[in-house]
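Worksheet: one structure, shown below.
The values are calculated or read from the model by the stated rules, or taken from the named source; none is laboratory data. Keep in mind it's a predicted model, so treat the numbers as computed, not measured. Don't worry about glycine lacking a Cβ; one is built from the backbone with ideal geometry, like all the others, and counts go over all protein chains shown.
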2 protein chains.
Amino acid sequence: MVIRLLLADDQALVRGALAALLDLERDMQVVAQVGRGDEVLEAVRSTSPDVCLLDIEMPGRDGIGVLEELREQAMPTRCLVVTTFGRPGYLRRAMDAGARGFVVKDTPAPELAEAVRRVHAGVRVVDPALATESLIGGPNPLTEREREALRAALDGSPVQVIAGRLYLSPGTVRNYLSSAIGKTGTSTRVEAAKFAEDRGWL
Amino acid sequence: MVIRLLLADDQALVRGALAALLDLERDMQVVAQVGRGDEVLEAVRSTSPDVCLLDIEMPGRDGIGVLEELREQAMPTRCLVVTTFGRPGYLRRAMDAGARGFVVKDTPAPELAEAVRRVHAGVRVVDPALATESLIGGPNPLTEREREALRAALDGSPVQVIAGRLYLSPGTVRNYLSSAIGKTGTSTRVEAAKFAEDRGWL
DNA sequence: GCGTGGCCATGACGTCTGTCACCGCTGTCG
DNA sequence: CGACAGCGGTGACAGACGTCATGGCCACGC
């Protein structure tokens, strides 16, 4: 009656350390570890774990994408997202994408095992502090196009380059960015992009 | 004859997991864990560990600052920096600040214990891939003022704001940023700032 | 049917940005 | 001493940026 676990985290050290920690629990067993998002599905297929621990930021495919992929394939595995600092927007998107739990790596270690047990039992687990932060942050006011423009503006690229990446006219891009600047209460597109990114709006 | 360890990492889960991993080694014992940079010195004083594992990004005081502090206080502890993805500039600055080793969290777990042993034995340990990356990155071509201007430009602030923070004329700031843009081969200040940050030039 | 809102675009406007030339001042090194 | 590099500033200029008004197109809801 052990809970079979899969760990997905790009940092090998963290992954191995988490495995060591969870393997100490008598009712848990780590049956697979992967370092890339696009390796999760295959690992789930071959080992059929009870619970997946997913990081958000991974090469290959990010945690949100993995959740969507697992749901599309109707895999019975329940997923607990374990990620670095709480971007409230990630919480919303992760739960929408099918996550059964969401905790940050800053939580005390003993709580993780308990969160795994609750997820395995079918209970949804969300870090309470994150949940409140997510509510006060409010919903995402940006349109899809505004988000795309902001994502492309994150690195400071000129409007012409952004327009090229989005196959849009430079004027249109400037309009979207101007709108996003207004909605975020900032004064430059880079500030708006960072503001939105911090809230997980991108 | 066990190696006494102190762990400093802001993510409680990672910290606890690393402790679990390293405590499995017969010749190691974790004697202290802290989650903030400004708690390291006191912990070192009270537990006098043989080796410190330091993260770079921590609240309170970053890893580089901790290294400088420990050296100022002439603490005999040897420090191994264990951080997320390799910013070559961090490597250089960490070693200059007194680190005895530098590895990324992406390294295979078994190598960490070995790195700890080598640091404890007085050998300097540097991830080979990072060392080469640090060399090809070349030296930092930016002047002190250019770095300050870039740091203040990282969030996309307008020149006026940057000038206010640096107590400089807007024109001067523009000149520094223009110079930095030229040196980095970029075309906007935000791109230049990100470019420099990636190389640890800030 | 008609208002609403997102999408895409254009044009005009004023401001900000990036570049360049040039100034003086301070050190430092041959 | 003169050459040189960094620091701080000014002025001018082309181009980029942010704002606004306006237009057409489409989908949705009352």
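Out of the residues in the range A:162-173 that are near DNA strand C (Cβ under 9 Å from one of its atoms) and of a type in the set (Val, Ile, Thr), which is farthest from B:VAL190 (Cα to Cα)? First the steps, then the outcome.
Within the range A:162-173, the first condition is being near DNA strand C (Cβ under 9 Å from one of its atoms), and the residues that meet it are A:163, A:166-173.
Keeping just the survivors that are of a type in the set (Val, Ile, Thr) gives A:172-173.
Details: A:THR172: 22, A:VAL173: 18 Å.
Applying the filter and picking the extreme gives A:THR172.
If you go through the range B:90-102 one residue at a time, do you hit one that is in a strand (DSSP E or B), at pLDDT 90 or above and touching a strand residue (DSSP E or B) at 6+ places or on another chain (Cβ under 7 Å)?
First, the residues of the range B:90-102 that are in a strand (DSSP E or B): B:101-102.
Cutting the leftovers down to at pLDDT 90 or above gives us B:101-102.
Restricting the remaining residues to those that are touching a strand residue (DSSP E or B) at 6+ places or on another chain (Cβ under 7 Å) gives B:101-102.
Yes: one or more hits.
Considering only the range A:148-155, I want to know if a residue exists there that is touching an Asp or Glu at 6+ places or on another chain (Cβ under 7 Å), in contact (Cβ under 8 Å) with a residue 24 or more places away in the chain and either crowded, with 21+ Cβ neighbours inside 10 Å or away from chain B (no Cβ under 14 Å) (or both).
Looking for residues that are touching an Asp or Glu at 6+ places or on another chain (Cβ under 7 Å), in contact (Cβ under 8 Å) with a residue 24 or more places away in the chain and either crowded, with 21+ Cβ neighbours inside 10 Å or away from chain B (no Cβ under 14 Å) (or both), one finds none in the range A:148-155, hence no.
Which is modelled with pLDDT under 90 and either away from chain B (no Cβ under 14 Å) or within 12 Å of DNA strand D (Cβ to nearest atom) (or both), of A:PRO139, A:PRO158, A:PRO170?
Exactly one residue qualifies, and that residue is A:PRO139.
Would you check which residues across the range A:110-136 are in contact (Cβ under 8 Å) with a residue 60 or more places away in the chain and crowded, with 18+ Cβ neighbours inside 10 Å and list them?
Taking the range A:110-136 first, the residues in contact (Cβ under 8 Å) with a residue 60 or more places away in the chain are A:112-113, A:116-117, A:119-120.
The answer is A:LEU112, A:VAL116, A:VAL119, A:HIS120.
I'm trying to understand the selection: among the residues of the range A:177-201, which are outside any helix (DSSP H, G or I) and either within 13 Å of chain B (Cβ to nearest Cβ) or surrounded by fewer than 18 Cβ atoms within 10 Å (Cβ to Cβ) (or both)? Can you show your working first?
Here is the first cut: in the range A:177-201, the residues outside any helix (DSSP H, G or I) are A:185-188, A:199-201.
Passing the criteria: A:GLY185, A:THR186, A:SER187, A:THR188.
Please tell me if B:LEU112 is of a type in the set (A, V, I, L, M, F, W, C) and within 11 Å of DNA strand D (Cβ to nearest atom). If you could, list the steps in order and put the result at the bottom.
Values: of a type in the set (A, V, I, L, M, F, W, C): yes; within 11 Å of DNA strand D (Cβ to nearest atom): no.
When the stated conditions are applied, B:LEU112 does not pass them.
Being within 26 Å of the chain's Cα centre (by Cα), buried (at least 18 other Cβ atoms within 10 Å of the Cβ) and not β-branched (Val, Ile, Thr), is that true of even one residue in the range B:156-167? Working first, answer last.
Initial filter on the range B:156-167 (within 26 Å of the chain's Cα centre (by Cα)): B:156-157, B:162, B:165-166.
In the following step, the residues that additionally are buried (at least 18 other Cβ atoms within 10 Å of the Cβ) were identified as B:156-157, B:162.
Adding the requirement that they be not β-branched (Val, Ile, Thr) leaves B:156-157.
Yes - at least one qualifying residue is present in the range B:156-167.
Pairs, please: C-beta under 6 Å, at least 6 apart or cross-chain, first residue farther than 14 Å from B:GLU42 by Cα and in the range B:63-75, second among the charged types (D, E, K, R) and not in a loop (DSSP other than H, G, I, E, B)?
Within 6 Å, the pairs are B:ILE64/B:ARG93.
Among the residues of the range A:111-126, are any in contact with a Phe, Trp or Tyr (Cβ under 7 Å, 6 or more places away or on another chain), assigned by TED's automatic domain parsing to the domain that holds A:GLY89 and among the charged types (D, E, K, R)?
No, there is no match, as no residue in the range A:111-126 is in contact with a Phe, Trp or Tyr (Cβ under 7 Å, 6 or more places away or on another chain), assigned by TED's automatic domain parsing to the domain that holds A:GLY89 and among the charged types (D, E, K, R).
Okay, residues lined up against (1) in a helix (DSSP H, G or I); (2) among the hydroxyl-bearing types (Ser, Thr, Tyr); (3) within 14 Å of DNA strand C (Cβ to nearest atom); (4) touching a helix residue (DSSP H, G or I) at 6+ places or on another chain (Cβ under 8 Å):
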site	(1), (2), (3), (4)
A:ALA131	yes, no, no, yes
A:ASN140	no, no, yes, yes
A:ALA152	yes, no, yes, yes
A:ASP155	no, no, yes, yes
A:GLN160	yes, no, yes, yes
A:ASN175	yes, no, yes, no
